[in-house]
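Shown next, in structure tokens, is the structure this report addresses.
The values are calculated or read from the model by the stated rules, or taken from the named source; none is laboratory data. Because the structure is a prediction, the values reported are computed rather than measured. Every residue, glycine among them, receives a Cβ derived from its backbone with ideal geometry; neighbour counts consider all protein chains shown. Calculation scope for accessible area: heavy atoms of the full protein, side chains included, ligands and nucleic acids excluded. Shrake-Rupley method; radii C 1.70, N 1.55, O 1.52, S 1.80 Å.
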Amino acid sequence: MTTHGEHFAVFQKQLPGAIAPPLRIYRGQPGLLAEQLAEALDNPELLAGNWELVHTLARPAANADDAASQLRADATLRCEPGNEIDAGAWQILPLPDFRFA
């Protein structure tokens with residue numbers, strides 16, 4: 001699924017024995033795709049100028065339901081997670097109507 005948006009929650013698939021990074025929220029330039037964020041996360045040079053890390057949650061997300069629960073529990077922001085996008089090593093949730101509380 002190709003999804004346009006400005007804000008996306010990102011988590012990495014958890015591999016046995018590996019330490020996954022925390023759940024993070026990125027804001028991209030208007031019109032960028034979730035798949036482009038995944039490419040940028042794999043190649044940090046693509047992050048600069050196109051994507052901004054706007055929020056980091058305390059722990060990694062085990063799956064999309066866990067990510068959505070973390071987002072809903074964070075009192076500093078408001079959003080309704082969209083459908084999960086599988087993008088290589090990354091799982092991405094579009095966040096329509098994202099805003100800080």
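Set side by side, the residues GLN14, GLN36 differ, and just one is at pLDDT below 95, of a type in the set (S, T, N, Q) and part of a loop (DSSP other than H, G, I, E, B), which is GLN14. For the stretch 52-64, a tally of residues being of a type outside the set (D, E, K, R) and open to solvent by 80 Å² or more (accessible area, probe 1.4 Å) returns 2.
Matching residues to (1) within 15 Å of GLN12 (Cβ to Cβ); (2) touching a Cys at 6+ places or on another chain (Cβ under 7 Å); (3) outside any loop (DSSP other than H, G, I, E, B):
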{"site": "GLY49", "(1), (2), (3)": "no, no, no"}
{"site": "GLU52", "(1), (2), (3)": "no, no, yes"}
{"site": "ALA58", "(1), (2), (3)": "no, no, no"}
{"site": "ALA62", "(1), (2), (3)": "yes, no, no"}
{"site": "ASP65", "(1), (2), (3)": "no, no, yes"}
{"site": "ARG72", "(1), (2), (3)": "no, no, yes"}
{"site": "ALA75", "(1), (2), (3)": "no, no, no"}
{"site": "GLY82", "(1), (2), (3)": "no, no, no"}
{"site": "LEU93", "(1), (2), (3)": "yes, no, yes"}
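Within the bounds of the stretch 58-75, is there any residue that is on the phi < 0 side of the Ramachandran plot and touching a residue at least 60 places away in the same chain (Cβ under 8 Å)? Among the residues of the stretch 58-75, at least one is on the phi < 0 side of the Ramachandran plot and touching a residue at least 60 places away in the same chain (Cβ under 8 Å), which makes the answer yes.
Taking residues in the stretch 18-39 that are within 22 Å of ARG59 (Cα to Cα) and open to solvent by 50 Å² or more (accessible area, probe 1.4 Å), and partners anywhere that are in a loop (DSSP other than H, G, I, E, B) and among the charged types (D, E, K, R), the pairs with Cβ atoms closer than 9 Å and at least 6 places apart or on different chains are ARG27/GLU6.
Of all the listed residues (ALA73, ALA67), the sole one being open to solvent by less than 20 Å² (accessible area, probe 1.4 Å) and either aliphatic (A, V, I, L, M) or at pLDDT 90 or above (or both) is ALA67. Summed over the stretch 77-88, the residues that are out of contact with any Lys or Arg (no Cβ under 6 Å at 6 or more places or on another chain) and open to solvent by 40 Å² or more (accessible area, probe 1.4 Å) give a count of 5.
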